[in-house]
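Everything below concerns the one structure shown next.
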Amino acid sequence: MTTLPAPVARRRTFAIISHPDAGKTTLTEKLLLFGGAIQLAGAVKSRGEQRRAHSDWMKVERERGISVTASVMTFEYAEKTFNLLDTPGHEDFSEDTYRVLTAVDSAVMVIDAARGIQAQTRKLFEVCRLRDMPITTFINKMDREAQDPFDLLDEIEQTLQIEVTPAAWPIGMGSRFLGCYDLLNDQLILMDKAGRGEKPHQTETCKGLDDPKLDELLPADAVAELREQVEMVRGLCPKFDLEAYLEGNMTPVFFGSAINSFGVGELLKGLVTHAPPPRPQPSIEREIKPDEKKVSGFVFKIQANMDPKHRDRIAFLRLCSGHFKRGMKLRHVRTDKQIALNNAVLFLARDRELAEEAWAGDIIGIPNHGNLHIGDALTEGETLHFKGIPSFAPEHLQAARPVDPMRAKHLGRALQQLAEEGAAAVFKPRVGSDWIVGVVGVLQFEVLADRIRTEYDIPVRFEPTSLITARWVDTKDDILMKKFIRANEAALADDHRGDPVFLARNAWHLDRAGDDWPDINFLATKEQVA
């Protein structure tokens, strides 16, 4: 097995995934507190400035109390460098999450202890499974009335078809929840019940279930229940198997309460010990290994207007190999141009600092003016096309019109930027003047309208259309493609990259086109390979 350079071996790049309201953003904040990256966590639902969660920086996120875009946060803990990607939980913004999962080496799946596995959790888990990604599970909100821990383990195992092994065990639940017993290290660490925004302090510790100190620290009934349940766990559940976890076949399960900081320290220590360092990345040409000397990376996300004063656009680049140094020149493979990276940044949500250096596994931000697209590769010269960065056919299509018709061109530019960012699919029909906007979930229309109004100063209306879906069209036969385009001009549009798209009025329209043109591919998912 290859030995990774020490700075690469220290990296842990992971995403947090969950159904909405499972407590993902609160957990993110507590991980940052434990890592010393922030001194005080903001609470999403409290008032005033406190309402702003540290990773939810967009205006619309603060107003709604939901995450609609992925954030990147880098912090140090236990001599490891963590790159944490907090993702939108709301299914209407899941496309951003799918792309983020191409840029991480493992994931933490957050589950609400009362609700168990929910639809969005299952969907995101399947995306991780396609990549054989190691998954750590955190069952949150044990401070509320919850399902029985054994039932939760059984549900994860049965629903997701993955082996489970508890890494920590809850001591009580609801109002009787006192903390967690660390099964991997066979110890109890009691934390004080920290306020929402504060870092908790360790108060007591004891080693092993037979330690008499345990009887002093916890009520007699809680100790008896803990000893009995841990004995059952050790008899019923398989031992943690690092290899099975790294192959995506076993998930260690931590229990806790992110809001009270219980279980967060155990989770973080578990990630330090078990989460993988940067893994090889697939490209069309070959597999890219993290210990290679030359720098390579791919853009998995574009974010516009993180700083509204400067109308900036940041391309998020996952470094796959090499040692990046500020000022180095990299080849932009799609355009075959050299880019000097003098102002690349590292992130703490909205805050950033100039990246003097970075290694494989790190996420750096590259300010640019629209020349970098999702899926683009940057290398020290080699032609590489990274695989697996998806675009999905939209499930809802509406026409976008400016309230002031004189601002139609401005709206077109704003929509183009939002499409390059991956916030929505934007199509320019070959016949007619309207822009057609496609999204995965209808809430995205509200968010887009709000962003276009506040970030670009263009009030906009989204209006229903007779269209139900869009499909990218593709064939290796150029003559056939020209014939198809001539015959279907009225149903065709171009996406923001100029690729042809078939806009279907109904299911019959799409089926008929498929029957009439059997050698044309109508694609619902498209890999963004630059």
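Between residue 273 and residue 525, how many nm apart are label points set 7 Å from Cα along the C-beta direction?
The answer from the label model is 3.5 nm.
Dipole of the chain, Cα-centred, from +1 at each Lys and Arg C-beta and -1 at each Asp and Glu C-beta, to the nearest 20 debye?
Here the size comes out at about 2120 debye.
Based on Cβ point charges of +1 for Lys and Arg and -1 for Asp and Glu, what charge dipole magnitude is obtained for the range 270-419 about its Cα centre, in debye rounded to the nearest 20?
My answer is approximately 440 debye.
Using a 10 Å Cβ count of at most 11 others and DSSP loop calls, identify the longest part of the chain lacking such trypsin sites (Lys or Arg not before Pro).
Of all site-free stretches, the longest is 48-238.
Quickly work out the residue 490-to-residue 342 label distance, labels modelled 7 Å from Cα along the C-beta direction, and quote it in nm with one decimal.
Calculated label separation equals 5.4 nm.
Roll a 1.4 Å probe over the protein heavy atoms and report the accessible area of residue 480 in Å², nearest 10.
40
Using the Karplus curve 6.51 cos²θ - 1.76 cosθ + 1.60 with θ = phi - 60°, work out ³J(HN,Hα) for each residue of the range 139-144 in order, rounded to whole Hz, and write x for Gly and Pro.
Residue by residue, the range 139-144 yields 8, 9, 6, 5, 6, 10 Hz.
Can you compute the FRET efficiency between residue 403 and residue 163 using 1/(1 + (r/R0)^6), with r the Cβ-Cβ distance and R0 = 45 Å? Round to the nearest 0.05.
0.20
Classify the range 219-319: rounded, prolate or oblate, from the alpha-carbon gyration tensor (a ≥ b ≥ c, eigenvalue square roots; a/c under 1.5 rounded; otherwise prolate if a/b is larger than b/c)?
The shape class here is oblate.
Report Rg (one decimal) and Dmax (nearest whole number) for the range 262-415, counting Cα atoms only, units Å.
Rg and Dmax of the range 262-415, Cα atoms, are 18.4, 59 Å.
Where the centre of each part is set by its Cα atoms, how far does the range 236-294 sit from the range 170-188, in angstrom?
22
Suppose we keep just the DSSP beta bridges with both residues in the chain; what percent of those would be antiparallel, to 5?
So the antiparallel bridges amount to about 80 percent of the total.
Need the full-extension length gain, residue 328 to residue 450, defined as separation in residues times 0.36 nm minus the C-alpha distance. One decimal, nm.
Result: 40.1 nm gained on full extension.
For volume of the Cα convex hull per residue in Å³, several values are listed as [x] 159; [y] 221; [z] 197; flag the one computed from this structure.
[x]
Report the accessible area of residue 102, computed with a 1.4 Å probe over the heavy atoms of all protein chains in place, in Å² rounded to the nearest 10.
Approximately 10 Å² of residue 102 is accessible to the 1.4 Å probe.
Taking the simple approach of a point 7 Å from Cα along Cα-to-Cβ for both residue 187 and residue 431, what is their distance in nm?
My value for the distance between the label points is 7.3 nm.
Take 79, 247 and sort them by solvent-accessible surface of the protein heavy atoms, 1.4 Å probe, largest at the top.
Ranked list, largest accessible area first: 79, 247.
Taking 0.36 nm per intervening residue step and subtracting the Cα-Cα distance, what contour gain separates residue 145 from residue 478 on full extension?
So the extension gain works out to 113.7 nm.
What FRET efficiency would be calculated for the residue pair residue 123, residue 220, taking the C-beta separation as r and a Förster radius of 60 Å, to the nearest 0.05?
0.85
Using the crude model of +1 on Lys and Arg Cβ and -1 on Asp and Glu Cβ, and no other charge, please compute the dipole size for the range 110-251 relative to its Cα centre, in debye to 20.
Dipole magnitude for the range 110-251 comes out near 620 debye.
Calculated from DSSP H runs of 4 or more alone, at -39500 (n - 2.57) each and per residue, what is the 222 nm mean residue ellipticity of the chain, nearest 500?
-7500 deg cm²/dmol
Put +1 on the Cβ of every Lys and Arg and -1 on every Asp and Glu Cβ in the chain; which of 418, 125, 177 then has its Cα farthest towards the positive end of the dipole?
418
From largest accessible area down, sort 109, 232; use a 1.4 Å probe on the protein chains.
The ranking, largest first, comes out as 232, 109.
FRET efficiency for residue 234 and residue 387, Cβ-Cβ distance as r, R0 = 56 Å, nearest 0.05?
Taking R0 as 56 Å, the efficiency between residue 234 and residue 387 is 0.85.
Note down the relative contact order for the chain as a percent, whole number, built from C-alpha pairs under 8 angstrom at least six residues apart.
13
Within the range 445-489, what residues put their amide N at less than 14 Å from the label point 7 Å along the Cα-to-Cβ vector of residue 505?
Flagged as within label range: 465-469, 488-489.
The values are calculated or read from the model by the stated rules, or taken from the named source; none is laboratory data. Only a predicted model underlies this, so the values are computations on that prediction, with no experimental measurement involved. Positions of Cβ are backbone-derived with ideal geometry, glycine not excepted, and every protein chain shown enters the neighbour counts. Heavy atoms of the whole protein, side chains included, go into the accessibility calculation; ligands, DNA and RNA do not. Shrake-Rupley method; radii C 1.70, N 1.55, O 1.52, S 1.80 Å.
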